[in-house]
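Derivation of every value follows stated rules applied to the coordinates shown; laboratory data play no part. Quick caveat: nothing in here was measured; it's all calculated off a predicted structure. Here the Cβ positions follow ideal geometry from the backbone for every residue, glycine too, while neighbour counts run over all protein chains shown.
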Amino acid sequence: MNASPPPNPTPTPPPSTPPPPPPPTPHHPPTPVQAWSEVHAQDVSHSRLATAWITLVHRLAPHLDQVPPDLLSAAGVLTTAAALPAAAAGHHWPLLSLLLLITAALLDGLDGAVAIRTNKVRPLGAVVDAVADRLSDLCLLAVLVLLGAPERLATAVGAALFLHEYARARAQGVGLTGAAAVTIAERPTRVIVVAVACLGAGTWPEGAPWFGWSWGALCLWLWAAISAIGGAHLAIALTRALRQ
């Protein structure tokens with residue numbers, strides 16, 4: 001008998017080639033608003049005014065990369081203080097105060113922008129910035145007093161300001177972040193209110209039309225109303241956060 005031919009061996013499949021790894025996800029640097037929000041633990045992306053302002057100062061920041069951020073913070077305080085003599089001079093001099101306050105506001109934004117760009121963000125810098133902001137706020141209140149605001153009301157508004165900032169810091173300490181920690185009574189709003197007072201006093205030194213008040217008094221009452229709204233906003237947000 002003839003032997004049957006051996007069966008054909010089963011072909012061995014070629015080894016499977018592992019799928020190629022997915023392409024790496026491109027790393028996009030944070031936008032100026034995202035970087036600012038991360039450093040300050042406040043999400044301001046919902047505010048068009050804040051977004052426009054942060055974008056502006058970050059465009060100016062490259063020209064000041066060699067300047068220490070703390071020096072910019074100090075320059076902002078000194079520039080705000082320089083607005084006091086011009087406000088006290090009366091007549092059209094408060095217009096000079098207006099220009100100085102705008103310059104100081106730019107410096108206040110540039111210190112953080114430069115720190116982010118040059119990778120110099122540090123806890124001490126945050127403390128310096130916060131102290132500089134509070135000193136500048138006191139100067140803003142003094143400008144309003146020099147423009148005719150009552151001193152007792154200025155003292156009360158100043159106390160409310162410090163209480164507001166302290167409450168916000170404590171709220172952030174217990175986890176209140178994002179838009180809930182940002183109110184209408186922020187520092188840019190305060191600068192705008194005092195800038196309006198300087199513009200009005202420099203343009204109409206006799207006082208605010210239709211009100212019969214000095215520009216300092218009118219804008220301080222506006223500041224007080226904004227502070228009350230901001231304080232209520234923060235209190236409600238904090239209460240809701242603690243209940244969760």
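Note on region 43-242: with charges restricted to the Cβ of Lys and Arg (+1) and Asp and Glu (-1), its dipole about the Cα centre is near 360 debye. The packing ranking of peptides 94-104, 196-206, highest mean first, is 94-104, 196-206, where packing means the average number of other beta carbon atoms within 10 angstrom of each residue. The percentage of C-alpha pairs in region 137-244 whose separation is greater than 16 Å is 57%. Approximating the spin labels as points 7 Å out from Cα along Cα→Cβ, the Ile102-to-Ala74 distance works out to 2.7 nm. When the inverse distances between all different Cα atoms of region 43-242 are averaged and flipped, the Kirkwood radius reads 17.5 angstrom.
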